[in-house]
Amino acid sequence: MKIKDIKVFVCCPGRNFVTVKIITDDGLYGIGDATLNGRELAVVAYLEEHVIPCLIGRDAHQIEDIWQYLYKGAYWQNGAVSIAAIAAIDVALWDIKGKVANLPVYQLLGGKSRRAVTVYAHVNGETIEEVLKGLEVAIKEGYKVVRLQCTIPGTEGTYGTLGDKKNYYELQGNRPLPPEHGWSTLKYLNFIPELFKRAREKFGYDIELCHDVHSRLTPIETVQLGKMLEPYRLKFLEDAVTYENTDGYKVIRNQTSIPLALGEKFNTIWDAKPLIENQIIDFVRTAVTHGGGLTPLKKLADFALLYHVRMAPHGAPDLSPVCFMAHMHLDLWAPNFGVQEFVGFGTPELNEIFSYDAKLKDGEIYIEDSPGLGVDFNEEAAKKYPYKRSYLPVTRLEDGTLWSW
Ligand code: CS2
Ligand code: MG
């Protein structure tokens, strides 16, 4: 079964997505997600110029060899742009293999380890009261795990909500240049423990809670935050500090018992290796699209299992439904699955383009047993929503210093 053609599509049903379709000589096709928020066209160029010409005529069944060929064979192994391109090819090939076998991809990974995928919902708000109202709704809807974020009083345009787009605080719009947000670590640390205190006072400890710091603290500031949050028993604190210097995480680990999650920006297993083997993190958040596909994510899960680290894949809306469905298969299989981030099934525009068989019930997602990934892409509908240049915001401290967003 040879690769006959590979097409790349960019569409913007509210935000940009890069989708890859691999077509084989016997008429089958598979779909992959290559979306890299704010850098979409770089991945398109990488695919069209440097990947696709090398793959035409290759055996579509050789997923591992094709992955190694694109990774090791390129000489330049890692990097967000190249990894997103490799991931899309890899996932599309798994989709094809599932269709050939007439089995859902989770069966090819080793079968189901659980009935469904437990997800965590997002609850964001401009005030603590607003967040608590949202939490009440989420609990009523049956969610068992919820992430709480709140606008920090006195900081500008940041973190809890984004204007009228309250469902997701970093939703892309038409942003031809990056918007700028403000940040104050002092104001944040003075405020955020109160959010979790009030949530526990009102809803008790049966609901699991988590929080994303978005890499805005230093290690010792995280120790302070961790100690303040310890009484509220979070499921995890995500991305407290930028991940480049993993020694910083040792400082945190040695001084607070708050569980730590990291990895949505990891491109390879090597990024996660020191944090996992030294048992410094509890959840690894690498996404299929940004971590190179299902082939390396399976290896990552197996490696993490040895160190009691659980999988909690990134599930922001800048990962397309193709990545979402790849996560569903990974999460159903992985014996060390923890929880899946989930921000809802998407807008009507998005669902006109992508179709996928998934249902939410009591905070768990069930998928149909369709062959492959169970996702499809409507090329004609995608044409109605052309690419729009758009960026994530950047953050500055109150004195103007550029900070992590
Ligand atoms: C966030 C992401 O969901 C999360 O945990 O950290 O939304 C992240 O900001 C975006 O995916 C960036 O593209
Ligand atoms: Mg995050």
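Restricting attention to the range 249-262, report how many residues are in a helix (DSSP H, G or I) and open to solvent by less than 10 Å² (accessible area, probe 1.4 Å). Don't jump to the end; show me each part of the working.
Pass one, the range 249-262, residues in a helix (DSSP H, G or I): 249-255.
Adding the requirement that they be open to solvent by less than 10 Å² (accessible area, probe 1.4 Å) leaves 249, 252.
The qualifying residues number 2.
Hey, does the range 301-308 have a residue that's among the small types (Gly, Ala, Ser) and in contact with a helix residue (DSSP H, G or I) (Cβ under 6 Å, 6 or more places away or on another chain)? Yes; the residues of the range 301-308 include at least one that is among the small types (Gly, Ala, Ser) and in contact with a helix residue (DSSP H, G or I) (Cβ under 6 Å, 6 or more places away or on another chain). Being touching a Phe, Trp or Tyr at 6+ places or on another chain (Cβ under 9 Å), open to solvent by less than 60 Å² (accessible area, probe 1.4 Å), in a strand (DSSP E or B) and among the β-branched types (Val, Ile, Thr), is that true of even one residue in the range 352-359? No, the range 352-359 contains no residue that is touching a Phe, Trp or Tyr at 6+ places or on another chain (Cβ under 9 Å), open to solvent by less than 60 Å² (accessible area, probe 1.4 Å), in a strand (DSSP E or B) and among the β-branched types (Val, Ile, Thr).
Among the residues of the range 202-230, those that are small (Gly, Ala, Ser) and part of a loop (DSSP other than H, G, I, E, B) comprise GLY204, SER215. Pairs are defined by a Cβ separation below 6 Å, a sequence spacing of at least 6 or placement on different chains, a first member in the range 224-244 that is open to solvent by 70 Å² or more (accessible area, probe 1.4 Å), and a second member that is not charged (D, E, K, R); the pairs so defined are LYS227/THR256; MET228/PRO193. Pairs linking a residue in the range 309-323 that is among the acidic types (Asp, Glu) to a residue that is within 11 Å of ligand 2 (Cβ to nearest atom), with Cβ atoms under 9 Å and 6 or more positions apart or on different chains, are ASP318/GLU170.
Take ASN278 and tell me if it is modelled with pLDDT under 95 and surrounded by fewer than 21 Cβ atoms within 10 Å (Cβ to Cβ). Step through it out loud before you land on a result.
Details: modelled with pLDDT under 95: no; surrounded by fewer than 21 Cβ atoms within 10 Å (Cβ to Cβ): yes.
No.
Annotation: of all residues in the range 314-325 being within 16 Å of ligand 1 (Cβ to nearest atom) and part of a helix (DSSP H, G or I), the one that is nearest to PRO296 (Cα to Cα) is CYS323.
Based on what the data block shows, is ALA304 within 16 Å of ligand 2 (Cβ to nearest atom) and open to solvent by less than 10 Å² (accessible area, probe 1.4 Å)? Taking the combined requirement at face value, the residue does not satisfy it.
The values are calculated or read from the model by the stated rules, or taken from the named source; none is laboratory data. All of these numbers come straight from a predicted model, not from anything done at the bench. Note that we place each Cβ from the backbone using ideal geometry, even for glycine, and neighbour counts take in every protein chain shown. Ligands, DNA and RNA are excluded from the accessible area calculation, which covers all protein heavy atoms including side chains. Shrake-Rupley method; radii C 1.70, N 1.55, O 1.52, S 1.80 Å.
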